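Undergrad: Handing you this structure, nothing more for now.
What follows is calculated from the coordinates using simple rules that are stated; it is not laboratory data. Everything numeric in this text was worked out from a predicted model, so none of it was measured. Cβ coordinates were reconstructed from backbone atoms using ideal geometry, including for glycine residues, and neighbour counts include every protein chain displayed.
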Amino acid sequence: MTDKLSVFNDALLLLGERTLSGLTEEREPRRLLDQVWDNGAVNSCLERGQWYFAMRTVRIDFDPAVSPDFGYQYAFDKGSDWIITSAVCSDEYFRWPITRYTDENGYWYADEQEIYVKYVSNDVAYGNDLSIWPISFKDYVSAYLASKIVMKISGGDDKMLVYLTGNDGDGGYLKKSLDFAKSKAAMALPTTFPARGSWSNARHRGRRQDGGNRSGPLIG
């Protein structure tokens, strides 16, 4: 089972460092890893994908305390655990996406009085529950941590930095681990298909219009 110590130790193994016996061990690598972790490492990693294990689905009523001066009529509180939006729809089955909305200053704004939202959450029951992390995401977080402290741990070894982040700072092992984690996450999502267009629906008059299967993420 994934826990913070195992994530830290995987990062140290990538750097060729001795692993920690515990999270209170008085060593510089542990202090550096703590600093990166506390500065939002998990949130940074959650922002980079549509992670099924961190996906939260909610029904939200508009906030009557917020009255927009113009534009969309209703405001919806995003909540403190929001990381990135996956889908905003008008129905609970996520077949009818809302395309006319905006995201501003901690709220979604729309003309509906009720919306359904899927989003990546950092709640302790979602993205911050390390026990439900797949191995591929754990490996990515460990690589992210290692990339943040590599220059301090390695004494400025450019070869180790390039190995982890590539020549442009956004490649190397870090990118490979992210790409693999995202591919595994995509495989875990249900198969989706687009809704029919208006021309196709016109050919099927008398039948219920097809909203498609839009339960997967609408943005990447």
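Undergrad: Nearest 0.05, what FRET efficiency do Val162 and Asn128 give at R0 = 35 Å with Cβ-Cβ as r?
TA: That pair, Val162 with Asn128, gives E of 0.65.
Undergrad: Of (1) 46; (2) 40; (3) 30, which one was derived for percent of Cα pairs over 27 Å apart from the structure shown?
TA: For percent of Cα pairs over 27 Å apart, the calculated option is (1).
Undergrad: Also: Between Lys176 and Asp77, what is 0.36 nm times their sequence separation minus the Cα-Cα distance? Round to one decimal in nm.
TA: Numbers: separation 99, 0.36 × 99 = 35.64 nm, distance 3.54 nm.
Computed gain between Lys176 and Asp77 is 32.1 nm.
Undergrad: Tell me the relative contact order for the chain as a rounded percent, counting alpha carbon contacts under 8 Å between residues six or more apart.
TA: In percent, rounded to a whole number, it is 24.
Undergrad: Let me ask you something else. Pairs to check: Lys148/Lys175; Lys78/Lys138; Lys152/Lys184; Lys4/Lys159. Give those whose C-alpha atoms are more than 25 Å from each other in this structure.
TA: Lys78/Lys138; Lys152/Lys184; Lys4/Lys159
Undergrad: Now for a different question. Report the per residue volume, in Å³, of the convex hull enclosing the C-alpha atoms of the range 84-136.
TA: That works out to 120 Å³ per residue.
Undergrad: Pairing the Cα long axis of helix 4-14 with the longest principal axis of the chain, what angle in degrees results, from 0 to 90 and rounded to the nearest 10?
TA: Roughly 60 degrees between the two axes.
Undergrad: Among residues other than Trp108 whose Cβ falls under 9 Å from its Cβ, what is the net charge (Lys/Arg +1, Asp/Glu -1)?
TA: Within the 9 Å Cβ shell, the charges total -2.
Undergrad: State the extension gain, in nm to one decimal, for the chain segment bounded by Thr102 and Phe70, taking 0.36 nm per residue of separation less the distance between their alpha-carbons.
TA: Stretched out fully, the Thr102 to Phe70 stretch lengthens by 10.3 nm.
Undergrad: Tell me the GluC sites (Glu not before Pro) within the range 1-70 that lie in a loop according to DSSP and have at most 11 other beta-carbon atoms within 10 Å.
TA: Numbers: sites: Glu17, Glu25, Glu26, Glu47; in loops: Glu17, Glu25, Glu26, Glu47.
Taking the range 1-70 and a limit of 11 other Cβ atoms within 10 Å, the loop GluC sites (Glu not before Pro) found are Glu26.
Undergrad: With the chain treated as a Gaussian network of Cα nodes joined by springs under 10 Å, which of Leu178, Leu46, Leu32 yields the largest mean-square fluctuation?
TA: Leu32
Undergrad: Between Ile84 and Met151, what FRET efficiency follows from the Cβ-Cβ distance if R0 is 30 Å, with the result rounded to 0.05? Write down the numbers at each step before the final one.
TA: Details: r = 29 Å, r/R0 = 0.95.
My answer for the efficiency is 0.55.
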